[in-house]
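Worksheet for the structure shown next.
The values are calculated or read from the model by the stated rules, or taken from the named source; none is laboratory data. It should be emphasised that the depicted structure is a prediction, and the values quoted were computed from it without experimental measurement. When we count neighbours, we look across all protein chains shown, and the Cβ atoms used for this are built from the backbone with ideal geometry, even at glycine.
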Amino acid sequence: MPPIIDPAGWMLIVVTLILASRWKVFAFDPKVRAIVLVAVLLRTLYSVANVAAGPLFGLGVDAQEFHRAAVAFLNGGGIPGGPFSGYMYSAVIGVIYRLTGGGLLLGQQLSVLAVVLTAASSVRIMRRLSVQPSRIKWALAALLFFPAGVVFTSGLLREAFEQLVFVLILELALRLIDRPQSRTVVALITTVALGGLLHRALAVAGLVVAAASTLIALSIRRPLRADRAGSPLRIVPVVLALVAIGGLSLPRLKLPYGVGPNTLAAASEYRLGAEPSRADYLRFRPGYTIGLIDVPVVVGLYTISPLPWQVESPADVVTALESAMRLVLVALLAFALIHVSRASSREFLRVFLLAGGWLTLELIWSVGTSNWGTATRHHLVGFPILLIVTTLAPPLFGRGPHSSQLLESRVISRS
């Protein structure tokens, strides 16, 4: 049967379109709903075209390999690299194939569904921060129509799900700060663990965010409590769970010494031992160890590479344009933090947590990977959070509306 004949895949397309057009989280503005619906249609068309006449641009070797691994698992094969490798994702897709009888179209449409869920979570975060509706629209449009995002979240790659998990981690962290509840703690720990199954970098960044949100929740006015009653001692199981996850995840950060005093030395060893590639925009001389003083430079170059003199192909031109846009967004992020610093400490800490979570993930990508040609896909994971924080920047020209009511009201918008 041709791959395009996939009843389960076509059924999921219908479900995704209905969700995008009817979900109440998008109902506060018809333009927001329209943005999400058009974004879903665009990705669905690219997905169907990839099944019918692919592989299309961006959905080549890696996407095909994930699909082959899913089919192999469906037919009784094992998980390449074991249950804690990135191919655990393929195993889950394989299980879904078996349960539904679906194929490649269904797998790709799951990524499109993840995009809708990411958009919903992003909207909830922005409304929680009381971001102006007009800014929610442009942030959502930038997220959903970003060219690399359209391509890489239309196929059977992990980026759509990594993006969803990372945004959910930050949303749950904010909920923990605003209203500590046991179910929020359980959901946060579970989401961090799921992120670790997708990519070890998500486990590390998620642990940092979870630990930071726990500390913030403990430091603000009311004590952290599980539900209605309790004491700060209820935090002990949370800390133990985070330590347990960390013990399993941190040693797998592609660094043989894990995270600790030798982390940067291990990162240097890993980078020097990696196979050379065209996109090695940053190479260290043999024997050189990355020091703490190098980390800001590495992260900065990772954010803006390739530099003009490193552009060698049309793909590099596109990547360079994306990097230039990212540099503007980082500047807006700095303006947003300065702007929000005039609000209460609680509100500032919430925004700082988002910015810190994004920076932590970028730091891990920059230090822990050598082939920065994959950076376009890596940057997509934290892109929603970067956009969300920039919506809080003040108007740069004229006297436009405030980015949010953070400075005028202490009321938190809860979904």
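Can you report the number of residues in the range 4-20 which are within 16 Å of residue 45 (Cβ to Cβ) and of a type outside the set (Phe, Trp, Tyr)?
Residues flagged as within 16 Å of residue 45 (Cβ to Cβ) and of a type outside the set (Phe, Trp, Tyr) within the range 4-20 amount to 9.
May I ask you to verify whether residue 5 is free of Cβ contacts under 8 Å to residues at least 24 places away in the same chain, in the same structural domain as residue 150 (by TED's automatic domain parsing), of a type outside the set (D, E, K, R) and assigned to a loop (DSSP other than H, G, I, E, B)? Don't jump to the end; show me each part of the working.
Working: free of Cβ contacts under 8 Å to residues at least 24 places away in the same chain: yes; in the same structural domain as residue 150 (by TED's automatic domain parsing): yes; of a type outside the set (D, E, K, R): yes; assigned to a loop (DSSP other than H, G, I, E, B): yes.
When the stated conditions are applied, residue 5 passes them.
Residue 147 versus (1) in contact (Cβ under 8 Å) with a residue 40 or more places away in the chain; (2) buried (at least 18 other Cβ atoms within 10 Å of the Cβ); (3) farther than 21 Å from residue 171 by Cα: which is the lone unmet condition?
(2)
Mind checking whether some residue in the range 49-68 is within 21 Å of residue 119 (Cα to Cα), outside the structural domain of residue 198 (by TED's automatic domain parsing) and buried (at least 16 other Cβ atoms within 10 Å of the Cβ)? I'd like the intermediate steps shown before the answer.
The first filter runs over the range 49-68 and keeps only residues within 21 Å of residue 119 (Cα to Cα), leaving none.
No; the residues of the range 49-68 include none that is within 21 Å of residue 119 (Cα to Cα), outside the structural domain of residue 198 (by TED's automatic domain parsing) and buried (at least 16 other Cβ atoms within 10 Å of the Cβ).
Which fully enclosed helices (runs of 4 or more DSSP H) of the range 252-360 have 3 or more residues being at pLDDT below 75 and not small (Gly, Ala, Ser)?
It comes to 263-273, 295-304.
For residue 122, are the conditions met, namely being in contact with a helix residue (DSSP H, G or I) (Cβ under 7 Å, 6 or more places away or on another chain) and within 21 Å of residue 390 (Cβ to Cβ)?
Details: in contact with a helix residue (DSSP H, G or I) (Cβ under 7 Å, 6 or more places away or on another chain): yes; within 21 Å of residue 390 (Cβ to Cβ): yes.
Against the criterion (in contact with a helix residue (DSSP H, G or I) (Cβ under 7 Å, 6 or more places away or on another chain) and within 21 Å of residue 390 (Cβ to Cβ)), residue 122 qualifies.
Name the pairs whose Cβ atoms lie under 6 Å apart, with the first residue in the range 315-326 and within 17 Å of residue 149 (Cβ to Cβ), the second assigned to a helix (DSSP H, G or I) and modelled with pLDDT of 80 or more, and 6 or more positions between them or separate chains?
Hits for this filter: 319/376.
Determine if the range 25-45 includes at least one residue that is surrounded by fewer than 17 Cβ atoms within 10 Å (Cβ to Cβ) and among the hydroxyl-bearing types (Ser, Thr, Tyr).
Looking for residues that are surrounded by fewer than 17 Cβ atoms within 10 Å (Cβ to Cβ) and among the hydroxyl-bearing types (Ser, Thr, Tyr), one finds none in the range 25-45, hence no.
Can you name the number of the only condition in (1) surrounded by 14 or more Cβ atoms within 10 Å (Cβ to Cβ); (2) within 13 Å of residue 156 (Cβ to Cβ); (3) among the hydrophobic types (A, V, I, L, M, F, W, C); (4) without any contact (Cβ under 8 Å) to a residue 40 or more places away in the chain that residue 79 fails?
(2) is the only condition that residue 79 fails.
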